[in-house]
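> Dumping the structure here so I can ask a few things about it.
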Amino acid sequence: MKRDFVPGQSVQKFGIGDKHGRVERSEDPFIAEEGMPETAVCPDCHARYEHKRWTLDEEVAGQLPREEGAARVLCPACRKIAGDYAEGIVILRGAYLWKHEEEIRHLIHNEETRARDKNPLQRIISMARQGDSLVIRTTEQKLAEHFGRAVHKAQQGDLRVSWDQGHVRCRVFWEREE
Ligand SMILES: [Zn+2]
């Protein structure tokens, strides 16, 4: 069995500095308000930008054509997904995981739906088995932490949450053998 592979170790740096070499005020390089129109609609997920925040209303999401007047701007979550830029990484491991894989995947998807209702920028970029781990990559750090805590609460096991120095990335490890 391959043991030397550490999932998430190859997370790439994305263009964080802007073209003037300034540091963005926001810690999240994808949430720059500079240059944003008053209102906008994301053409991919249909989230709306208004009053300086993104929201998603499932009821009107399908009625995009009525908003012809709104600017089309890819929301930060869709940009992170397109650029494969993860701020959160959750690594789940252990024999128990694979015995309860379906249940745990279901839990993660449910938690994503709930988180997205509150904040459409909290999304899963990918969820896939890598070696003996199930790796979930998220657009926002808080979502990774949330997944870790939700799995821990529902399935016990051992949870470890680590943040990098600038609080830019969150890495969550959960393991349960039996
Ligand atoms: Zn979007």
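> Taking the inverse of the average 1/r across all pairs of different Cα atoms in region 86-175, what Kirkwood radius in Å do you get?
12.8 Å
> Among Ser133, His109, Ala154, pick out the residue whose Cα is farthest towards the positive end of the charge dipole of region 86-175, where Lys and Arg carry +1 and Asp and Glu carry -1 on C-beta, about the Cα centre.
His109
> Taking the Cα-to-Cβ direction at Thr55 and at Ala71 and moving 7 Å from each Cα, how far apart do the two end points lie in nm?
2.0 nm
> So who's got an amide H within less than 5 Å of the one on Phe30, skipping anything under 5 residues away but keeping other chains? H placed 1.01 Å off N, in plane.
Close amide H contacts, sequence-distant or interchain: none at all.
> What list of ³J(HN,Hα) couplings, whole Hz, do you get for region 40-51 from phi and the Karplus terms 6.51, -1.76, 1.60, once you set θ to phi - 60° and write x for glycine and proline?
Running phi through 6.51 cos²θ - 1.76 cosθ + 1.60 with θ = phi - 60° gives 7, 10, 7, x, 8, 9, 6, 5, 10, 10, 7, 6 Hz.
> Sequence-distant or interchain residues sharing an amide H contact under 5 Å with Val41, placed H: which?
Here the answer is Tyr49, Ala71, Arg72, Val73, since their amide H atoms fall under 5 Å of that of Val41.
> Expressed in nm to one decimal, what extension gain is obtained for the pair Asp164 and Asp44 from 0.36 nm per residue of sequence separation less their Cα-Cα distance?
Stretched out fully, the Asp164 to Asp44 stretch lengthens by 40.2 nm.
> Then there is this: Give, in nm to one decimal, the length gained when the segment between Gln156 and Lys99 is fully stretched (0.36 nm per residue of separation minus the Cα-Cα distance).
That works out to 19.1 nm of additional length.
> Sorting Val168, Val151 by accessible area (1.4 Å probe), largest first, what list results?
In descending accessible area the options line up as Val168, Val151.
The values are calculated or read from the model by the stated rules, or taken from the named source; none is laboratory data. Please read these numbers as outputs of a predicted model, since none were measured by experiment. Positions of Cβ are generated from backbone atoms using ideal geometry, with glycine treated the same way; all protein chains shown enter the neighbour counts. For accessibility, only protein heavy atoms count, side chains too; no ligands or nucleic acids. Shrake-Rupley method; radii C 1.70, N 1.55, O 1.52, S 1.80 Å.
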